[in-house]
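First comes the structure, then the notes that go with it.
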Amino acid sequence: MTQDAAHSLDTFIQVYEKLTTQNVVSLAEIYHPDVIFEDPAHRVEGWPALSEYFSRLFASVPDCRFEIHESVAQGDIAYVQWTMQFRHPRLSGGKPRTVKGCSRLQFEQGKVRYHRDYFDMGEMIYEGIPVLGRLISHLKARL
């Protein structure tokens with residue numbers, strides 16, 4: 001991993017570990033203008049669209065925090081393992097929910113050019129919906 005890539009990864013981790021609903025604008029310092037962001041439910045292209053996506057996302061949750069557990073990198077590619085804790089008024093009665101995930105990052109010119117999140121959408125959303133959550137938990141236990 002190059003010195004620039006190591007610095008870019010360190011900056012990414014620092015921004016996400018300090019990220020709250022009040023400082024979403026800090027994400028602008030880590031993303032490339034032509035970023036592509038994907039997760040199990042979305043694909044967003046370009047910083048303006050990603051900024052809007054994050055603004056909408058963080059406006060719907062009163063609390064959201066990330067803890068980075070480990071990261072590995074080779075060249076301009078990095079993987080970051082994380083746990084996200086958040087509250088959403090319509091999931092689990094607004095109680096905190098925890099989701100574990102991993103992100104694949106590709107850096108270009110010191111910024112994240114490609115960001116792909118991997119996590120269990122059931123763990124994040126579906127298990128927090130009263131009737132559906134019980135059904136999914138039951139199915140998981142049977143498997």
If you go through Asp76, Asp120, the only one that is modelled with pLDDT under 95 and within 17 Å of the chain's Cα centre (by Cα) is Asp120
**Message:** Criterion first (of a type outside the set (A, V, I, L, M), modelled with pLDDT of 95 or more and not in a strand (DSSP E or B)) does Pro89 satisfy it?
**Reply:** no
>> Condition (residue is in a strand (DSSP E or B), at pLDDT 60 or above and out of contact with any Cys (no Cβ under 8 Å at 6 or more places or on another chain)) applied to segment 124-142: is it met by at least one residue?
In response: no
The one condition Arg97 fails out of (1) modelled with pLDDT under 75; (2) basic (Lys, Arg); (3) under 24 Å from Gln14 (Cα atoms) is (1)
Of the residues in segment 20-45, those that are assigned to a loop (DSSP other than H, G, I, E, B) and under 21 Å from Cys102 (Cα atoms) come to Thr20, Thr21, Ile30, Pro40, Ala41
For segment 5-15 the number of residues that are more than 23 Å from Pro62 (Cα to Cα) and exposed (fewer than 15 other Cβ atoms within 10 Å of the Cβ) is 3
Picking from Phe58, Phe66, the residue that is under 21 Å from Pro96 (Cβ atoms) and touching a Leu at 6+ places or on another chain (Cβ under 8 Å) would be Phe66
Taking segment 16-49 and the residues there that are under 12 Å from the mean Cα position of the chain (by Cα) and surrounded by 18 or more Cβ atoms within 10 Å (Cβ to Cβ), the one that is modelled with the lowest pLDDT would be Leu19
Practice prompt. Test Phe54 against the criterion of being touching a residue at least 12 places away in the same chain (Cβ under 8 Å), surrounded by 16 or more Cβ atoms within 10 Å (Cβ to Cβ) and within 12 Å of the chain's Cα centre (by Cα), and give yes or no.
Written response: yes
Within segment 57-78, residues surrounded by 14 or more Cβ atoms within 10 Å (Cβ to Cβ) and part of a strand (DSSP E or B) come out as Cys64, Arg65, Phe66, Ile68, Ser71, Ala73, Ile77, Ala78
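The values are calculated or read from the model by the stated rules, or taken from the named source; none is laboratory data. Keep in mind that what you see is a predicted model, and the values were worked out from it rather than measured. Cβ: placed from backbone, ideal geometry, glycine included. Neighbour counts: every protein chain shown.
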